[in-house]
Amino acid sequence: MPFNVSLHLLVLIPVTVGAFGYFLPQKLYKCMLFATNVAMVMTAISLFITVRWGEDVVQLLAGWPHGIAIKLVADQYSTPMVLLTAVFFFGTFIFSTRAGYMDRVFLFLFMMLQSTIFGLFLSGDVFNIYVLLELGMLTVGILIMYKRDKQSVYDGMLYLMMNFIGMAFMLLGIGYLYRITGVLDIVALHERLGMLKDPQSAVVPYAMIITAVSLKAALLPLFGWLPRAHGAPSAPAIVSAVLSGIQVKVGVYLLVRLHWMFEPILDAAPFFAVLGFLTSVVGFLLAVAQKDIKLILAYHTISQVGLIVMGLNLGTEIAFWGGMYHIINHALFKGLLFLSAGIIIEEYGTRYYSEIRGVFRRMPIVGIAALAGVLGITGAPFFNGSISKYFIQRGIEGNLGELGLYLINFGTILSFVKYSTILFGRPSVETPPERDPFAAGVALIFGLACLAGGIFGGPAVALFYGPEYAVSGAFGLEKIVTFLLTLALGVVVYVGVVKRIGDFLADVRQFKFTFNQVTVFLTAFFVILLTYGYLTV
Amino acid sequence: MAFLEQLSISDLTVALFFLGLYGAMSQRNIIKTIMSIGIMDIAAITFIMLSNYQPGARPPIAGVPGAQMADPVPQALMITAIVIGVSVIAMCLAMFMRVAYRYGTADWNILIRRLDK
């Protein structure tokens, strides 16, 4: 069955409807956006079916030949991401049906972000990617300071300026690439880079472009903007969920895409595997130090992105698909955790974990959903995180790196032992006020998806990506025992160590890098990547 | 001085880019850092504009024979990049105005200290 919908519509419809509906009455506008979201999900599903059991959909703009035209590509890697984005945006849209911040400007920006993300996943052209990244950056910059909180303008400004420097790097890198190859299309670049007489000339553009993309993916020295943006007190819950669930994955996805493009020149997989591991460790160490529940989640996103990047770059196929599956899983449980954190913060009126107690008793449904998210992210058996982590572990088996994975998982459990303290205990007040059924319902559905993604983990990977692997090992007694032991160790370390070094953690928490220092990190990363490139090519 | 004579304008734009980066790394004044990143952006744009430069080529407007035409791709792309650059800089400046009204400083280091209060 040929897919006869233009892929450009997938990118253009959300933003167009968002722009035109803006002048209509708010109720009608919301209905239109609801219809658009439904249409997007249907289109994404049919696109997924076409690509998964048929062939790739490649569409060229304005009838120019391959290599010259602006191209949209729906293939094995991009369609699951498009489907995930469509479903995720639909879910968050339903979640916030009754939320107070859903005014017109917000809805318009939200639809624009959706368009941008679709475009980024489908683009087959580096300049297109550049433009969409800039557009996404501007939209996110406004969205994270939407509620105009105390620090928000500073967070937004830092986010915007850091990312703009990254984008300037990318623009110069694209310029170099165009100069040495004469094309901008990713596939054509892949071919022409292989024919270069002097491969070293491509190292500078490589370092520039990958520095920019690593900034987007928040790898080790470049993650300073992420917690500020994702955990910004002024950002509504759904913005945090979308940023952490989908938007940061764009960086990871582009890392995969662009590394494939530079494959004929150099293979930086070992470098990025190590970098991913380090990012992950630093991420959870910082997450444990936080007090604000949104910041715990935001710092933890860094750790999980590190794990994904590590999995993708281990060099074995099973770890690669484990990493890809972890992208979907992380979107589900981190989205769920941010959404439920949003409900909890609204209910309790505070963001500090020490002041929130007894979520289970006060809000049973939200509590259960949040617990499902926690179990998913810690890789508890039968939840989706365990499957992808198991795949990544299988890819590195018998290696020293396997210990690293245990360390990362221990860190995850440690940070979520801290997070979970809000679920238990006795709430200070027993007032069951009116609840928003949409919000709790969506949270619960996300929680069920986490469970389903674990129980049907093997078939899910086969369904989304194709390769079939046995997952029986992930349900084995050994895994359950390992998880329980790690959990026990996590609780012991939390009670015995983390709670006693409060002063030290406060210092870590309050330590901030200035803009100049962050720029120095960016430059250092670029120089390291450049050196690595020259040494290996 | 043979080294200097071999430098082309593109090399100068790369130098300008890193000059802007140096500004972003070293200046504590927020306005100056915004200017620095503006310089980086403009340098990158100029660099791309100069790629495939042929002396004597004519602007890519309808009616010019293909052989005499300058490469139209960089020009078409850079219009987009310039627009993006202008809007991002404008937004940075607008945000800076809010920060300056609220915290009364244009210095990154002082700003960070005043944030917690």
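The values are calculated or read from the model by the stated rules, or taken from the named source; none is laboratory data. This is a predicted model, so every value here is computed, not measured. Note that each Cβ is placed from the backbone with ideal geometry, even for glycine, and that neighbours are counted across all protein chains shown. Just the protein is used for accessible areas: all its heavy atoms, side chains included, with ligands, DNA and RNA removed. Shrake-Rupley method; radii C 1.70, N 1.55, O 1.52, S 1.80 Å.
Could you grab me the full set of residues in region A:170-217 that are away from chain B (no Cβ under 14 Å), open to solvent by 10 Å² or more (accessible area, probe 1.4 Å), part of a helix (DSSP H, G or I) and of a type outside the set (Gly, Ala, Ser)?
Selection gives A:Val187, A:His190, A:Glu191, A:Arg192, A:Pro199, A:Gln200, A:Lys216.
Could you please find all residues in region A:128-145 being open to solvent by 20 Å² or more (accessible area, probe 1.4 Å) and either more than 9 Å from every other protein chain (Cβ to nearest Cβ) or in contact with a strand residue (DSSP E or B) (Cβ under 7 Å, 6 or more places away or on another chain) (or both)?
Taking region A:128-145 as the starting set, the residues that turn out to be open to solvent by 20 Å² or more (accessible area, probe 1.4 Å) are A:128, A:131-132, A:135, A:138, A:142, A:145.
Answer for region A:128-145, where residues must be open to solvent by 20 Å² or more (accessible area, probe 1.4 Å) and either more than 9 Å from every other protein chain (Cβ to nearest Cβ) or in contact with a strand residue (DSSP E or B) (Cβ under 7 Å, 6 or more places away or on another chain) (or both): A:Asn128, A:Leu132.
When you check A:Met81 against the structure, is it open to solvent by less than 10 Å² (accessible area, probe 1.4 Å), more than 12 Å from chain B (Cβ to nearest Cβ), in a helix (DSSP H, G or I) and among the aliphatic types (A, V, I, L, M), yes or no?
Yes; evaluated as a whole, the condition is true for this residue.
Restricting the search to region A:146-158, which residues are at the interface with chain B (Cβ under 8 Å from one of its Cβ atoms) and open to solvent by 10 Å² or more (accessible area, probe 1.4 Å)? Talk me through it step by step, then tell me what you get.
First, the residues of region A:146-158 that are at the interface with chain B (Cβ under 8 Å from one of its Cβ atoms): A:151, A:153-154, A:156-157.
Within region A:146-158, A:Gln151, A:Val153 qualify.
Considering A:Gly373, A:Gly425, which residue is open to solvent by less than 10 Å² (accessible area, probe 1.4 Å) and either of a type outside the set (Asp, Glu) or not in a helix (DSSP H, G or I) (or both)? Before the answer, list the steps.
Values: A:Gly425 fails: open to solvent by less than 10 Å² (accessible area, probe 1.4 Å).
After applying the criteria, what remains is A:Gly373.
Which pairs do you get when a residue that is farther than 18 Å from A:Phe89 by Cβ, found in region A:118-138, comes within reach of a residue that is polar (S, T, N, Q) and open to solvent by 10 Å² or more (accessible area, probe 1.4 Å), reach meaning Cβ atoms under 7 angstrom, with the pair 6+ apart or on two chains?
As it stands, the answer is A:Val131/B:Thr80; A:Leu138/B:Ser87, since those pairs meet every condition given.
Within region A:482-502, can one find any residue that is within 14 Å of chain B (Cβ to nearest Cβ), open to solvent by 70 Å² or more (accessible area, probe 1.4 Å) and modelled with pLDDT under 90?
No, region A:482-502 contains no residue that is within 14 Å of chain B (Cβ to nearest Cβ), open to solvent by 70 Å² or more (accessible area, probe 1.4 Å) and modelled with pLDDT under 90.
Matching residues to (1) at pLDDT below 90; (2) touching a helix residue (DSSP H, G or I) at 6+ places or on another chain (Cβ under 8 Å); (3) of a type outside the set (Asp, Glu); (4) more than 21 Å from A:Met157 (Cβ to Cβ):
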| residue | (1), (2), (3), (4) |
| --- | --- |
| A:Ala232 | yes, yes, yes, no |
| A:Ala235 | yes, yes, yes, no |
| A:Val252 | no, yes, yes, yes |
| A:Val256 | no, yes, yes, yes |
| A:Met261 | no, yes, yes, yes |
| A:Ala269 | yes, yes, yes, yes |
| A:Leu278 | no, yes, yes, yes |
| A:Val282 | no, yes, yes, yes |
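Give me the pairs: first residue in region A:348-368 and at pLDDT 80 or above, second residue among the hydroxyl-bearing types (Ser, Thr, Tyr), beta-carbon distance under 6 Å, and six or more apart or on different chains, which are they?
A:Ile356/A:Tyr348; A:Val366/A:Ser340
Hey, does region B:24-33 have a residue that's part of a loop (DSSP other than H, G, I, E, B), within 11 Å of chain A (Cβ to nearest Cβ) and either acidic (Asp, Glu) or surrounded by fewer than 15 Cβ atoms within 10 Å (Cβ to Cβ) (or both)?
No, region B:24-33 contains no residue that is part of a loop (DSSP other than H, G, I, E, B), within 11 Å of chain A (Cβ to nearest Cβ) and either acidic (Asp, Glu) or surrounded by fewer than 15 Cβ atoms within 10 Å (Cβ to Cβ) (or both).
Scan region B:69-78 and give yes if some residue there is touching a Leu at 6+ places or on another chain (Cβ under 8 Å), within 11 Å of chain A (Cβ to nearest Cβ) and among the acidic types (Asp, Glu), otherwise no.
So far as region B:69-78 goes, no, none of its residues is touching a Leu at 6+ places or on another chain (Cβ under 8 Å), within 11 Å of chain A (Cβ to nearest Cβ) and among the acidic types (Asp, Glu).
So is B:Ala90 open to solvent by less than 40 Å² (accessible area, probe 1.4 Å) and under 30 Å from A:Gly156 (Cβ atoms) or not?
Taking the combined requirement at face value, the residue does not satisfy it.
Scan region B:95-116 residue by residue and report those that are of a type in the set (Ser, Thr, Tyr), facing another protein chain (nearest Cβ under 10 Å) and free of Cβ contacts under 8 Å to residues at least 12 places away in the same chain.
Result: B:Tyr101, single match.
Being in contact with a helix residue (DSSP H, G or I) (Cβ under 6 Å, 6 or more places away or on another chain) and either within 23 Å of A:Ser340 (Cα to Cα) or within 14 Å of another protein chain (Cβ to nearest Cβ) (or both) is the filter here, so list the residues in region A:108-118 that pass it.
Of everything in region A:108-118, those that are in contact with a helix residue (DSSP H, G or I) (Cβ under 6 Å, 6 or more places away or on another chain) and either within 23 Å of A:Ser340 (Cα to Cα) or within 14 Å of another protein chain (Cβ to nearest Cβ) (or both) turn out to be A:Leu109, A:Met111, A:Met112, A:Leu113, A:Gln114, A:Thr116.
Please go through region B:31-54 and pick out each residue that is closer than 15 Å to A:Met157 by Cβ and either under 8 Å from the mean Cα position of the chain (by Cα) or touching a residue at least 12 places away in the same chain (Cβ under 8 Å) (or both).
Scanning region B:31-54 gives B:Ile31, B:Thr33, B:Ile34, B:Met35, B:Ser36, B:Ile37, B:Gly38.
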